[in-house]
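Please read the structure below before turning to the comments.
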Amino acid sequence: MTEVRGSLADAGRDLLLGSACVGCGRAGRVLCPSCAASLPRRGHPSWPTPTPPGLAPPFAAGAYDGLLKALVNEHKEHGVFALAAPLGRVLSDVVRDLLAVVAVPGTPVLLVPVPSRRPVVRRRGHDPLLRTTRRAAVHLRRTGVRATVRQLLVPSGRVLDQSGLDARARAANLAGSMAARRPRAGDHVATLVLVDDVLTTGSTVREAQRALEQRGLRVAGVATVAATRRRVAWTGCPESGGSLSLRGRAH
């Protein structure tokens, strides 16, 4: 009920402020029915090239382009809160397809969002990834998945601006930048899924995975709304000899 009230409040706020579809510009809803219907309904393997060693299987709904890019940016940078609902639905579909590959049947699912730094949250006025992840958990529970959102990760240390850095420089910049809280009883037997909005080089989620592994937690996979790198068809982890074939190029 709380999530329903939150969705209605988000929609009401955007309506009062005046809005147009972020996809086609049509006046009215922030996402018109036609654009909403065009959103992807599947998650796909999205290994970055190159892949950080040891990265858990990453899935995304599509390339960080077009409508997906508009949704992520308008929600994150411009506070269009009502977009959390469609983003959450997209993310839940990605998690669902990831779980079909990596989950142990019958185990509860922990969705662990990559943390935003407090100054960034203050500047934006909200935590967009946390909001989206909570919406995704609601969708998953409606389909029978025992999904819970847990903020197990916290920022640690200083990080320089990532823009313009290549994969190796990003990995070095992020090393030691996250820490994990002490797990609760039962966390070690849950299927743990790392969540982020966009997968780029994979350095951020790999650092998050490292922090969780230091607490003895196993990360089953990574779920993101979109991916910016070339994606590949996945038939197993590339480090264990799984075959890879290029699927195309994002930017």
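The values are calculated or read from the model by the stated rules, or taken from the named source; none is laboratory data. What you see is a predicted model, and the numbers here were worked out from it, not measured in a lab. Note that each Cβ is placed from the backbone with ideal geometry, even for glycine, and that neighbours are counted across all protein chains shown. Each accessible area value is taken on the protein alone, full model and side chains, heavy atoms only, with ligands, DNA and RNA left out. Shrake-Rupley method; radii C 1.70, N 1.55, O 1.52, S 1.80 Å.
PHE59 versus (1) in a helix (DSSP H, G or I); (2) buried (at least 22 other Cβ atoms within 10 Å of the Cβ): which is the lone unmet condition?
Exception for PHE59: condition (1).
Can you report the number of residues in segment 84-137 which are touching a Leu at 6+ places or on another chain (Cβ under 7 Å), within 17 Å of ASP187 (Cβ to Cβ) and of a type in the set (A, V, I, L, M, F, W, C)?
4
Among the residues of segment 38-56, is any part of a helix (DSSP H, G or I), open to solvent by 30 Å² or more (accessible area, probe 1.4 Å) and farther than 20 Å from THR204 by Cα?
Within segment 38-56, not a single residue is part of a helix (DSSP H, G or I), open to solvent by 30 Å² or more (accessible area, probe 1.4 Å) and farther than 20 Å from THR204 by Cα.
Would you check which residues across segment 108-130 are open to solvent by 50 Å² or more (accessible area, probe 1.4 Å) and of a type outside the set (Lys, Arg) and list them?
If the condition is that a residue be open to solvent by 50 Å² or more (accessible area, probe 1.4 Å) and of a type outside the set (Lys, Arg), then PRO119, GLY125 are the ones that fit.
Of the residues in segment 108-126, how many are free of Cβ contacts under 8 Å to residues at least 40 places away in the same chain and either among the basic types (Lys, Arg) or not in a helix (DSSP H, G or I) (or both)?
Number satisfying all stated conditions: 4.
Restricting attention to segment 182-228, which residues are under 19 Å from LYS69 (Cα atoms), surrounded by fewer than 22 Cβ atoms within 10 Å (Cβ to Cβ) and at pLDDT below 95?
Matches in segment 182-228: THR200, THR228.
Among residues belonging to segment 68-87 that are charged (D, E, K, R) and farther than 18 Å from SER38 by Cβ, point out the one that is modelled with the highest pLDDT.
LYS76
Would it be correct to say that VAL149 is open to solvent by less than 70 Å² (accessible area, probe 1.4 Å), of a type outside the set (Asp, Glu), more than 20 Å from LEU87 (Cβ to Cβ) and at pLDDT 95 or above? Lay out the reasoning, then the answer.
Working: open to solvent by less than 70 Å² (accessible area, probe 1.4 Å): yes; of a type outside the set (Asp, Glu): yes; more than 20 Å from LEU87 (Cβ to Cβ): no; at pLDDT 95 or above: yes.
The answer is no for VAL149.
Which of the residues belonging to segment 62-107 are among the small types (Gly, Ala, Ser), part of a loop (DSSP other than H, G, I, E, B) and either buried (at least 22 other Cβ atoms within 10 Å of the Cβ) or on the phi < 0 side of the Ramachandran plot (or both)? Steps first, please.
Here is the first cut: in segment 62-107, the residues among the small types (Gly, Ala, Ser) are 62-63, 66, 70, 79, 82, 84-85, 88, 92, 100, 103, 106.
Imposing the further condition that a residue be part of a loop (DSSP other than H, G, I, E, B) reduces the set to 79, 103, 106.
Within segment 62-107, just ALA103 meets the criteria.
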